[in-house]
Amino acid sequence: MIRILIDADACPVKDETYKVAARHKVPVVVVSNSPIRVPQGPLVSRKLVSDAFDAADDWIVENTGPGAVVITADILLADRCLKLGAEVVAPNGKPFTTSSIGSAIATRAIMADLRAGGDVVGGPPPFSKTDRSRFLSSLDETLVRLQRRQF
């Protein structure tokens, strides 16, 4: 069964996800460490996990696999989900794939080393309308592809 799992605590595209999921009639699970409002309806549910380190990530990994679409900006969570056969889309609309995840992990490690060494390194660019539009398109394409595979 196709479903969407959102790593929700810092996700800027929850509302967009709900809209695309409703259009495709795909259930969404919003996973967070703190209470988050979700729309009322049969397709959206909320999973509140403990505030332990990586509790939301661990729950998502335990409940993912082929047919799941994970929405996250967390590169290490994306890697774990890809290894289990899930589709992973970042909030900026760029899909994580088995081909691209190694490079993303390496870049993350380099940036962490630079920050640890005291080098001033900027964060990611601000979230933009282009990112939002790319996300909507990418999520829609991913769901269409998964729905075609089911038949």
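Of note:
- Those residues of segment 60-78 which are over 22 Å from Glu16 (Cβ atoms) and modelled with pLDDT of 95 or more, in sequence order: Val61, Glu62, Gly65, Pro66
- Qualifying residue in segment 13-35 (condition: at pLDDT below 95 and of a type in the set (Asp, Glu)): no
- Some residue of segment 22-32 being within 25 Å of Arg149 (Cα to Cα), charged (D, E, K, R) and exposed (fewer than 14 other Cβ atoms within 10 Å of the Cβ): yes
- Selection of segment 90-108 for residues being modelled with pLDDT of 90 or more and not polar (S, T, N, Q) yields Ala90, Pro91, Gly93, Lys94, Pro95, Phe96.
- Members of segment 34-71 that are under 24 Å from Asp131 (Cβ atoms), within 15 Å of the chain's Cα centre (by Cα) and not aliphatic (A, V, I, L, M): Asp57, Thr64
- Residues satisfying the stated conditions in segment 126-149, i.e. among the polar types (S, T, N, Q) and in contact with a Pro (Cβ under 8 Å, 6 or more places away or on another chain): Ser138, Thr142
- Scanning segment 1-29 for residues that are assigned to a loop (DSSP other than H, G, I, E, B) and among the β-branched types (Val, Ile, Thr) yields Ile2, Val13, Val26.
- Residue in segment 72-79 that is of a type in the set (Asp, Glu), touching a residue at least 24 places away in the same chain (Cβ under 8 Å) and closer than 20 Å to Arg132 by Cβ present: yes
- Within segment 1-18, the set of residues being closer than 26 Å to Pro124 by Cα and either among the basic types (Lys, Arg) or surrounded by fewer than 21 Cβ atoms within 10 Å (Cβ to Cβ) (or both) comprises Asp9, Ala10, Cys11, Pro12, Lys14, Asp15, Glu16, Tyr18.
Listed here are the residues, each with its yes/no results for (1) over 23 Å from Gln147 (Cβ atoms); (2) in a loop (DSSP other than H, G, I, E, B); (3) at pLDDT 85 or above.
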{"residue": "Pro42", "(1), (2), (3)": "no, yes, yes"}
{"residue": "Val88", "(1), (2), (3)": "no, no, yes"}
{"residue": "Leu114", "(1), (2), (3)": "yes, no, no"}
{"residue": "Val120", "(1), (2), (3)": "yes, yes, no"}
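The values are calculated or read from the model by the stated rules, or taken from the named source; none is laboratory data. Bear in mind the structure is a predicted one, so any value in this text is a computation, not a measurement. With ideal geometry, Cβ positions are generated from the backbone for all residues, glycine too; neighbour counts draw on all protein chains shown.
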